[in-house]
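To start, the structure itself, in structure tokens.
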Amino acid sequence: MIRRPLLAACSVLAICAGLPAGAAPPPADPRAAEADAILAQVLKTGPYPGISVAIEQHGKVVYARGAGYSDLARKTPATPMTRFPIGSITKSFTCLSVMQITANGGIALDKTAGDYLPDLAAPARTVTVRQLLNHTSGIPNYTDLPDFPLAKSVNMTRQQVVGYFASKPLLFTPGAMFNYSNSDTYLLGLIVEKVSGLPYDEYVRRHVLTPFGMTQSGFDVHDDGSTSRARGYRPGKAGFTASEPYDFEIPFSAGALVSTTPDLLLYRQGVFGPKTSQKVRDLVLAQTPMTDGTPNPYMLGCLVAASFEGHTKITHAGDIFGFAADYAYYPDDDLTIAIATNTQGARLPPVTIEHRLARVFLGLPAFKPLDEKVPADLGQALSGDYKVGNFRMGFGALGFAYKDGALAAYVGGLKGGAPPLPLRYQGDGRFVSSVDDEQRIDFTRQPDGSVDVALRMYEGVITAKKPAP
């Protein structure tokens, strides 16, 4: 494994905190040492080449650090001012743009995509803007399609990208289910362009980035070799390998933004402060249930309504071509945590780092997982295939198998082909992943012999059911 320092402290902490040049830094926050230890640990076990973190609480930046390297070849330290692609956190900027235009009467949420994009093929043209916003359209996710050239994501046009998904059959009746799809937000970017008359990136720059003061953010996905820009990597048995290059047109409005963690704090201030009108903010935070009444935690502003250890949370994660990030805002605690990293597919994702940091700054004890033996009668009762409900993250089944006092999970079902994921039993029907203990699985046995399971994954709660015998 590549050697790297445990921490590269934020040498620009005064800048991060908005202090004038030469001013004395604020007194050290005693929680910083705990946070430093968390970063040092996940840097090695994640593993990550580099990590950037910025945390704001009660209107002040209380923590800003870089850990490891933003560029392994040049040994460039990661700092809070390092610029990272943030993947799907971009979606919240796209959806905020749609809400701004909607508040001004330019977009009607219940009109169809075809009303704004007349050349769009069916069936994609038949879904509504609202269904694109909250991922209930049923349009297949183009990055999941086996024929989409994700490994050769250069020199493609938007028309080519849209051509991969627009005419494919819908996965379900629009509005009936949630299924996360980059295709939805891609179309929203095209609608922003059509209605505003501006290129998507120019609209976001003028109406979001500039008003919010996000001077380090933009859509320059082509790496210009700057030392302020992180290089992307993928982990492997022999260490980290450089990630593949990609074009702006591939993620586009679904994931092309490049930013810094302090700029993401400015994003939170912009959306939830006076720079955004209450009318627009109400639209951003609005939730539309699925047609059967099931709540949809995905807000129209492309943010997830979640809860962590009893604390209300508004959040979104991002993952793209060698980079991964996480943004979380705890409104009742006035706490915002922004994390950016330069690897994709790490054992511990940024959301896990965010959870561990949140416990520190919320004053909660660290989670210490148990390793209880699973009773045979319980393990046998929980074993089998479970059908996922109408909130999905790309798979429709979960499988569980019991052996020798332990339970293992299979994403996609017992015969889905996925490798087993050993689980650690915590008692009372709760398990955690043996790889990432922030992934929780709770089972509830019903009187008729059926079993319900709830999997907490990327802040969404995926529910599934095994029928009664």
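Is it true that some residue in region 181-196 is surrounded by fewer than 17 Cβ atoms within 10 Å (Cβ to Cβ), under 29 Å from Tyr267 (Cα atoms) and touching a Leu at 6+ places or on another chain (Cβ under 7 Å)?
The answer is yes, given that some residue of region 181-196 is surrounded by fewer than 17 Cβ atoms within 10 Å (Cβ to Cβ), under 29 Å from Tyr267 (Cα atoms) and touching a Leu at 6+ places or on another chain (Cβ under 7 Å).
If Asp263 meets every condition in (1) outside any loop (DSSP other than H, G, I, E, B); (2) farther than 18 Å from Thr90 by Cα apart from one, which number is that one?
Going through (1) outside any loop (DSSP other than H, G, I, E, B); (2) farther than 18 Å from Thr90 by Cα one by one, Asp263 breaks only (2).
Just give me the residues in region 314-328 being of a type in the set (Phe, Trp, Tyr) and surrounded by fewer than 24 Cβ atoms within 10 Å (Cβ to Cβ), in sequence order.
Answer for region 314-328, where residues must be of a type in the set (Phe, Trp, Tyr) and surrounded by fewer than 24 Cβ atoms within 10 Å (Cβ to Cβ): just Phe321.
Which members of region 230-245 meet the condition of being surrounded by fewer than 24 Cβ atoms within 10 Å (Cβ to Cβ) and aromatic (Phe, Trp, Tyr)?
Phe240
If Phe443 passes every condition in (1) among the aromatic types (Phe, Trp, Tyr); (2) free of Cβ contacts under 8 Å to residues at least 40 places away in the same chain; (3) in a strand (DSSP E or B) but one, which one does it miss?
The one condition Phe443 does not meet is (2).
Please go through region 218-229 and give me each residue that is touching a residue at least 60 places away in the same chain (Cβ under 8 Å) and within 19 Å of the chain's Cα centre (by Cα), ordered by number.
Once the filter is applied, which keeps residues that are touching a residue at least 60 places away in the same chain (Cβ under 8 Å) and within 19 Å of the chain's Cα centre (by Cα), region 218-229 yields only Val221.
Would you point out which residue out of Arg268, Arg281 is surrounded by fewer than 23 Cβ atoms within 10 Å (Cβ to Cβ) and either under 18 Å from the mean Cα position of the chain (by Cα) or at pLDDT below 95 (or both)?
Arg268
Each row is one residue, and each column tells you yes or no for (1) at pLDDT below 95; (2) surrounded by fewer than 18 Cβ atoms within 10 Å (Cβ to Cβ); (3) under 30 Å from Tyr63 (Cα atoms); (4) not assigned by TED's automatic domain parsing to the domain that holds Ile38.
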| site | (1), (2), (3), (4) |
| --- | --- |
| His355 | no, no, yes, no |
| Gly389 | yes, no, no, yes |
| Ser434 | no, yes, yes, yes |
| Pro447 | no, yes, no, yes |
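The values are calculated or read from the model by the stated rules, or taken from the named source; none is laboratory data. Since the model is a prediction, treat every value here as computed from it, not as a measurement. Positions of Cβ are generated from backbone atoms using ideal geometry, with glycine treated the same way; all protein chains shown enter the neighbour counts.
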